[in-house]
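The values are calculated or read from the model by the stated rules, or taken from the named source; none is laboratory data. All of these numbers come straight from a predicted model, not from anything done at the bench. Please note: Cβ atoms are built from the backbone with ideal geometry, for glycine as well, and neighbour counts cover all protein chains shown.
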Amino acid sequence: MSRTALVLGANGRFGRTAANALGSAGWRVRRFDRSSGDLAAAARDADVIVNGWNLPYARWATEVPRLTAAVIEAARGAGAAVLLPGNLYVYGEDLPPVLSARTPHRAAHPLGRIRRELEAAYRGSGVKTVVLRAGDFLDTEASGNWFDRILCARIAKGKFTYPGPMDVEHAWAFLPDLGAALVRLLDRVEALPDFSDMPFDGHTLTGQDLARALERATAHPIRARTMSWLPIHLARPFWSEAKHLVEMHYLWNRPHRVDGAALEAVIGPLQRTDLDTALRRACAPLLQKVRSTQTNR
């Protein structure tokens, strides 16, 4: 294997993480520009296509099937495997408290159905596919996810906003740890079956756990409050993303954790950055932005 990876969506959260991790591990990384590139040509001689494309929710129904078909065709033509990030949407609103590679995919809501259909297309394609599944991301950049846009948007002022009950467990994945798992998984991709579902067990935290850990990570008191969903409900008539955010509200209300046994059986013990270190790194760009603003006044 030449250890060549084509990364789609390399400017996004998962794609950036994958490209950096693979490059650091000695892989030859090609970053694909969807606006001008030829996917089939870019995939030529690649061993794996990392599909990090992440579209706004409102475009999933029309664009995800088309892009999925294009990636499958490119992978088939190149003889490449595909690795894609998996989310927890596929389990549905009645998801059990522990989510593993054996948990049935029963989602009936729109976004969950689209994800189920996407994965079913890969499963039936004959293209070797690996789904690296995880909860919400803790990123090392302010990348517009739940953590930096909502929960910790005002962390520099000691304010923490949580989108659900503070005592409900929620699954998180620190992106550098997920990237490390991705590299080790792709080093073994040739030995994997045609379709693999690999849930990643990162950090499982209640809102209370997260608030306490943020106090340690920032060395400042944290004032926690519960987010009101009313503005998002009211925005639905004129903001296309709002209805989808409401659709996924249940993930903040139902306790869940990820069982990473299937992944560990393939790659060995998972790398888990300790929570305080992960949160310090996740909060650093948010705190730095405030410091830069104050310096420039």
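List of remarks:
- Which listed residue is touching a Lys or Arg at 6+ places or on another chain (Cβ under 6 Å) and in a helix (DSSP H, G or I), from 90, 7: 90
- Number of residues in the range 17-61 that are touching a residue at least 40 places away in the same chain (Cβ under 8 Å), surrounded by 14 or more Cβ atoms within 10 Å (Cβ to Cβ) and in a helix (DSSP H, G or I) equals 8.
- Residue 205 vs. criteria modelled with pLDDT of 95 or more and over 24 Å from residue 29 (Cβ atoms): yes
- Hey, residue 92 free of Cβ contacts under 8 Å to residues at least 24 places away in the same chain, in contact with a Gly (Cβ under 7 Å, 6 or more places away or on another chain) and not β-branched (Val, Ile, Thr) or not: yes
- Top-ranked residue of the range 198-235 - restricted to ones that are among the β-branched types (Val, Ile, Thr) and either part of a helix (DSSP H, G or I) or under 25 Å from the mean Cα position of the chain (by Cα) (or both), ranked as nearest to residue 284 (Cα to Cα): 218
- From the options 50, 71, 82, 98, residue that is farther than 27 Å from residue 242 by Cβ, in contact with a His (Cβ under 8 Å, 6 or more places away or on another chain) and of a type in the set (A, V, I, L, M): 98
- Test: residue 80 is surrounded by 13 or more Cβ atoms within 10 Å (Cβ to Cβ) and in contact with a helix residue (DSSP H, G or I) (Cβ under 7 Å, 6 or more places away or on another chain): yes
- Residue count for the range 100-139 under the criterion of being in contact with a strand residue (DSSP E or B) (Cβ under 7 Å, 6 or more places away or on another chain) and crowded, with 21+ Cβ neighbours inside 10 Å: the result is 11.
- From 219, 235, residue being on the phi < 0 side of the Ramachandran plot and of a type in the set (A, V, I, L, M): 235
- Among the residues examined, residue 106 does not qualify as part of a helix (DSSP H, G or I) and at negative phi.
- Where residue 150 falls short, out of the listed (1) surrounded by fewer than 17 Cβ atoms within 10 Å (Cβ to Cβ); (2) part of a helix (DSSP H, G or I); (3) without any contact (Cβ under 8 Å) to a residue 60 or more places away in the chain: (3)
- Close pairs from the range 111-138: first on the phi < 0 side of the Ramachandran plot, partner among the basic types (Lys, Arg) and buried (at least 20 other Cβ atoms within 10 Å of the Cβ), Cβ under 8 Å, at least 6 apart: 137/13
- Among (1) over 19 Å from the mean Cα position of the chain (by Cα); (2) not in a helix (DSSP H, G or I); (3) not acidic (Asp, Glu) - the single one residue 66 does not satisfy: (2)
- Selection within the range 6-32 - within 17 Å of the chain's Cα centre (by Cα) and among the hydroxyl-bearing types (Ser, Thr, Tyr): 17
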